[in-house]
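These notes concern the structure reproduced below.
Derivation of every value follows stated rules applied to the coordinates shown; laboratory data play no part. Model, not experiment: these values are computed from the prediction. In this analysis, Cβ positions are derived from the backbone assuming ideal geometry, glycine residues included, and neighbour counts consider all displayed protein chains.
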Amino acid sequence: MKIEDLQEKFKNCTSVKISADAGDLPFIHVKNKSASAQICIQGAHVMHYQPEGEKKDILWMCCNSYFEKGKPIRGGIPVCWPWFGPNMDAENLPAHGFARLMFWTLDSIQEPDENCTILHLSLNDNDFSRKLWNYSFHLEIEIQIGKTLAVQLISKNTGDKSFLITEALHSYFNIGNIANVAVKGLESALYLNKVEGANSMIKQKGAITFNAEFDSVFSQCKQPIHIVDTFFNRTITVEKKNSNSTIVWNPWIAKSKRMPDFTPDSYLTMVCVETANVLSDAIKIEPGKEQSMGMIIHL
Ligand code: BG6
C-alpha cells in the first residue's frame, strides 16, 4: 500500500504518524502518554522505543545503517525468520532469513487508551519468499507500545507440508559503555560459543561481562534477562514468552571495523540480547498450525 493510502487509512489514530523518511522507506512514528517509538514497515522493524520520562532510548540504532529497499536495517529489533544466522542448506541465502528484507502489511492500529498503542503487521509468502524458501506461511507481529514494549511474533503454516523454523527478535540495546554492562539471568545456562566456532555446549559461569568479541547462543533458557548498565544507571529487563534460546552478541573492535554499516566504535554503546528459538530449539509447524514467540522489554 502507498504511503498516502496508509496515511488516509489511519488518519484517525491520534498517537500515530506515518511518513516516508530515510531512503523513502515508510515509517510509523508513535507517541502516546507513556512512550514514543518508531517502526519501519520494511521488516516490521522497531527502531526506537523510549518510555516517557526516560532520557535515553532503550534500543540502539547505528548511525551508519542502510535505509534501502531490500537491505537490513542495523539496530533496533530486526526480525530474523524463518531462519536465524546462515541458512543451513544453502550458503547463498540471506543471513537471518528474509522477513527483515521485505515490506510487511500494516493491518491495524489499536489505541485502547492514551497510554497504549498496538500495531499489527503481517507478511505472506510471495514470489520473492518462495524462491528462497518454498513454503506457504502467514507471519504476524504485534507491537505494543506503552510503559513496556511488548513484541509478539506469530508464525502460521498456511500450506500443506510441515516446516521447521528458527527465529529471533534480534534486539540491539542502547548502553552507556560496554565496559559498564553485565548481562544477568543466564548464569549456569548452556551455550555455544560462535566466536570459537565451538560445536558443543558449555556452562556459563556467573554474569556475562565483555572484554572481547562475544557471540554465544544460550539454549533451554526461558528466564528473564537483565542488562545491568552502571553507566546509564539503569537495568533493562527482557521477559521472554515461548522462547527457549537467547543470543548475546557484541562484535567488539575488529568485527565492527569489518561491517560497512557499523562505525569503528559502534561496539561500545550496543549489546544484543536476542529472544529466540534456534539450534535444537527450532520449531516444527504442521500445516494449519501456528506458533508464537514474544518478549516484553521494560526498565
Ligand atoms: C547475531 C549473530 O545474532 O547477529 C552474529 O550471532 C551476527 O553472528 C550478528 O554477526 C549480525 O548479523 P547481521 O546479519 O545482521 O550482520
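What is the ratio of the Cα radius of gyration of the stretch 184-285 to 2.2 N^0.38 Å, where N is its residue count, to two decimals? Could the numbers behind the result be given before it?
Numbers: Rg = 14.1 Å, N = 102, 2.2 N^0.38 = 12.8 Å.
So the stretch 184-285 has a normalised radius of gyration of 1.10.
Among the aspartates and glutamates, select those whose C-alpha is under 15 Å from the C-alpha of LYS71, and discard any that sit fewer than 8 residues away in the same chain.
Hits, sequence-local ones excluded: ASP24, ASP261.
Mind checking the full-extension length gain between LEU299 and ASP265? Use 0.36 nm per residue of separation minus the Cα-Cα distance, one decimal, nm.
Full-extension gain reported as 9.7 nm.
What percent of all Cα-Cα pairs in the chain falls in each 10 Å bin, counting up from 0?
Cα pair-distance distribution for the chain, in percent: 6, 28, 37, 23, 5, 0.
Which whole-number percentage describes the relative contact order of the stretch 170-299, with Cα contacts under 8 Å and a sequence gap of 6 or more?
30 percent
Could you tell me the calculated FRET efficiency between LYS255 and ARG234, based on Cβ-Cβ distance and R0 = 25 angstrom, to the nearest 0.05?
It comes to 0.40.
Using a basic spin-label model with each label point 7 Å from the Cα along Cα→Cβ, how many nm lie between LYS33 and ASN180?
Inter-label distance under the simple model: 3.3 nm.
Give the cross-link partners of LYS222 among the aspartates and glutamates, using a straight C-alpha distance below 13 Å as the criterion and excluding same-chain residues fewer than 8 apart.
Straight-line reach from LYS222, under 13 Å: GLU187, GLU239, GLU274, ASP281.
List, in the order given, every pair from LYS205/LYS240; LYS17/LYS69; LYS156/LYS255 whose Cα-Cα distance in the structure shown is over 26 Å.
Numbers: LYS205/LYS240 21 Å; LYS17/LYS69 21 Å; LYS156/LYS255 36 Å.
Result: LYS156/LYS255 exceed 26 Å.
Positive end of the dipole of the chain, charges at C-beta (+1 Lys, Arg; -1 Asp, Glu), about the Cα centre: which of MET293, ILE208, MET1 has its Cα farthest in that direction?
Result: ILE208.
Which one of VAL181, TRP104, TRP83 is farthest out on the positive end of the charge dipole of the stretch 3-298, using unit charges on Cβ (Lys, Arg +1; Asp, Glu -1) and the Cα centre as origin?
It is VAL181, whose Cα lies furthest towards the positive end.
Cross-link candidates for LYS55: which lysines have Cα within less than 19 Å, leaving aside residues fewer than 8 places away along the same chain?
LYS31, LYS33, LYS147
Quick one: dipole size for the chain, taken about the Cα centre, charges +1 on Lys/Arg Cβ and -1 on Asp/Glu Cβ, in debye to the nearest 20. Let's see the in-between values first.
Values: 30 positive and 33 negative charges, 101 e Å.
In total the dipole reaches around 480 debye.
Subtract the Cα-Cα distance of LYS56 and GLU187 from 0.36 nm times their separation in residues, and report this length gain in nm to one decimal. Could the numbers behind the result be given before it?
Values: separation 131, 0.36 × 131 = 47.16 nm, distance 2.76 nm.
Here the segment from LYS56 to GLU187 would lengthen by 44.4 nm.
Any idea what the relative contact order of the stretch 3-298 is, in percent, if you count C-alpha pairs under 8 Å spaced at least 6 apart? Spell out each step's value before the answer.
On the way: 781 pairs, mean separation 50.3, N = 296.
Reported as a whole number, the value is 17 percent.
Mind checking the full-extension length gain between GLN110 and PHE10? Use 0.36 nm per residue of separation minus the Cα-Cα distance, one decimal, nm.
The span from GLN110 to PHE10 would gain 35.0 nm if fully extended.
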